[in-house]
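Following: one structure in structure tokens, then a few remarks.
The values are calculated or read from the model by the stated rules, or taken from the named source; none is laboratory data. Here the structure is a predicted model, which is why all the values come from computation and not from measurement. All Cβ positions, glycine included, derive from the backbone under ideal geometry; neighbour counts span all protein chains shown. When the accessible area is computed, the model is the full protein with side chains, heavy atoms only, and any ligands, DNA or RNA have been set aside. Shrake-Rupley method; radii C 1.70, N 1.55, O 1.52, S 1.80 Å.
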Amino acid sequence: MQTLQGGRSSKAPNVRQAVFQAVWRWHFYAGIIFAPFLIVLAISGSAYLFKPQIEDYLYRDFLTVSQTGQHPMSPAEVIAKTEKGYPGAKVSSITLMKAPTDTYRLSVSHFGTPTTMYADPYTGNIKGALNADKTFSAIFKKLHSQLLIEGTWTNRLVELAACWALILVLTGLILWWPRGKKNIWGTVLPRLSKPGSRMFWRDLHAVPAFWISLVLVVMILSGLPWSGVLGPRISELADSTRTNVPPYAYSFGAKPESTTVAKDIAEDLPWAAENLSVPASSASGGYVALTVNDVAGIADKLDVLKPYTITLPRGETGVFTVSTSHDKPDTSATLHIDQYSGAVLTDVRFADYGIMGKLISYGIAFHEGHLFGLANQLLGLFAALGLVLVSISSYFMWRKRKPDGLGAPNRSKNRKVSVAVLVLMVVCGVVMPLVGLSLIVVVLLDWFVIRRIKTLRHWFSA
């Protein structure tokens with residue numbers, strides 16, 4: 001066995017170097033593949049964080065009224081006036097705001113085009129209309145979740161990049177971890193005395209990455225519950241532990257049906273008559289439906305805080321849905337109301353959520369930048385811009401190495417270490433299925449293509 005001066009074994013340092021080499025190789029390839037996607041996600045996410053301020057400026061003429069009347073028009077009157085004044089328009093929902101100067105916001109299908117219309121609550125006149133798919137928030141949300149390309153595969157690609165970002169943070173922290181004598185320079189403070197040098201770019205990569213690592217992990221984890229592959233698995237875990245949100249908690253999810261029968265609106269009925277359908281008061285037949293005004297009254301009576309959205313029923317068995325979208329999730333509410341009797345079929349509040357449901361809700365609020373106001377937005381911006389800096393500096397650091405071929409770090413010569421690191425990657429792949437699928441692709445390419453072609457073997461340092 002090799003020995004060092006003073007009889008100390010060189011085995012431990014060799015193992016540490018082998019671990020460093022193996023981790024560096026995975027970090028390098030993950031970074032060079034996914035850094036472009038992460039830059040796009042960081043920039044689009046930064047813009048989306050400030051959606052309230054940006055849209056308040058862009059659409060300021062639509063969002064408020066300069067003069068208020070004595071009494072606002074009822075929601076039903078505004079809907080009726082809108083559909084009459086805009087042939088081909090069908091209102092699907094109306095949002096009632098809190099401030100008296102705020103306009104009503106109507107979701108409308110106008111000749112098949114999803115449109116948001118803004119109505120003066122005192123006159124019912126439309127102050128402006130926007131294509132719902134082309135607003136600032138819609139564009140940047142689509143860029144952030146689908147790279148502006150329709151289709152499931154782009155959503156999965158974004159999820160894959162986010163999952164690998166977690167691995168990049170983990171492997172990056174291992175590479176950052178000080179070896180030997182501890183020094184704040186190059187670890188928690190960058191060395192900037194030699195601009196343009198490899199050390200300069202290394203520190204602009206490693207030090208900011210350390211400072212943003214915790215925020216990045218929280219940002220990524222808080223976005224994964226809405227992902228297409230890992231999201232359902234998180235929901236299944238919460239369901240199995242009974243810590244998820246209750247059924248019908250989300251306005252965009254499943255809804256109960258309006259099946260009003262006589263017993264819903266009358267008492268002391270004979271048993272045989274309890275389940276008879278409620279007759280209509282009109283000669284044409286059908287049920288007697290509530291108006292939007294009735295539903296707003298029910299929501300107010302049940303202390304649903306504005307702003308809230310009333311979504312109209314779809315079809316004879318549809319229900320009214322009252323849902324909130326508040327900055328802080330602890331005041332959220334989702335109600336489904338029978339369109340005929342006004343019976344509240346479900347009333348889900350934040351207090352009804354399980355622990356995982358609550359954590360996910362807080363996480364989403366943090367991810368979108370409205371959990372604790374401007375400080376939340378600035379913290380998210382700090383992490384996003386830091387990610388851009390880290391990605392750009394990695395490119396210059398790589399070029400400074402003057403790579404031969406791709407310039408990937410060589411394989412670790414310690415087989416046990418390589419296998420151990422690969423096992424850890426497989427564990428990550430089990431937890432994150434898309435990572436697992438990508439690992440299979442990488443391993444197959446490595447074994448059956450790269451290692452069998454001399455040029456590729458040199459290029460990839462295989």
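On the given criteria, is Arg233 in a helix (DSSP H, G or I), within 23 Å of Phe34 (Cα to Cα) and open to solvent by 30 Å² or more (accessible area, probe 1.4 Å)?
In short, no.
I'd like the full set of residues that are in contact (Cβ under 8 Å) with a residue 12 or more places away in the chain and either under 15 Å from His326 (Cα atoms) or hydrophobic (A, V, I, L, M, F, W, C) (or both), limited to region 377-388.
Leu379, Leu381, Phe382, Ala383, Ala384, Leu385, Leu387, Val388
Inspect all residues belonging to region 442-453 and state whether any of them is open to solvent by 50 Å² or more (accessible area, probe 1.4 Å), at pLDDT below 90, of a type in the set (Lys, Arg) and part of a helix (DSSP H, G or I).
The answer is yes; a qualifying residue exists.
When you scan region 98-154, how many residues do you find that are open to solvent by 40 Å² or more (accessible area, probe 1.4 Å), assigned to a strand (DSSP E or B) and small (Gly, Ala, Ser)?
Selection size over region 98-154: 3.
Taking region 1-29, which residues are among the small types (Gly, Ala, Ser), assigned to a helix (DSSP H, G or I) and either modelled with pLDDT of 95 or more or surrounded by fewer than 18 Cβ atoms within 10 Å (Cβ to Cβ) (or both)?
Of everything in region 1-29, those that are among the small types (Gly, Ala, Ser), assigned to a helix (DSSP H, G or I) and either modelled with pLDDT of 95 or more or surrounded by fewer than 18 Cβ atoms within 10 Å (Cβ to Cβ) (or both) turn out to be Gly6, Gly7, Ala12.
Determine if region 53-76 includes at least one residue that is under 28 Å from the mean Cα position of the chain (by Cα) and hydroxyl-bearing (Ser, Thr, Tyr).
Yes, region 53-76 contains at least one residue that is under 28 Å from the mean Cα position of the chain (by Cα) and hydroxyl-bearing (Ser, Thr, Tyr).
Read through the list (1) at pLDDT 90 or above; (2) surrounded by 16 or more Cβ atoms within 10 Å (Cβ to Cβ); (3) aliphatic (A, V, I, L, M), then give the number of the only condition that Leu374 fails.
Of (1) at pLDDT 90 or above; (2) surrounded by 16 or more Cβ atoms within 10 Å (Cβ to Cβ); (3) aliphatic (A, V, I, L, M), only one is false for Leu374: (2).
In region 248-275, which residue that is exposed (fewer than 12 other Cβ atoms within 10 Å of the Cβ) and farther than 30 Å from Ser46 by Cβ is modelled with the lowest pLDDT?
The selected residue is Ala273.
What's the number of the only condition in (1) part of a loop (DSSP other than H, G, I, E, B); (2) of a type in the set (S, T, N, Q); (3) surrounded by 20 or more Cβ atoms within 10 Å (Cβ to Cβ) that Thr68 fails to meet?
The number of the failed condition is (3).
For region 406-436, what are the residues that are more than 34 Å from the chain's Cα centre (by Cα), open to solvent by 30 Å² or more (accessible area, probe 1.4 Å) and touching a residue at least 24 places away in the same chain (Cβ under 8 Å)?
Asn410, Arg411, Lys413, Asn414, Ser418
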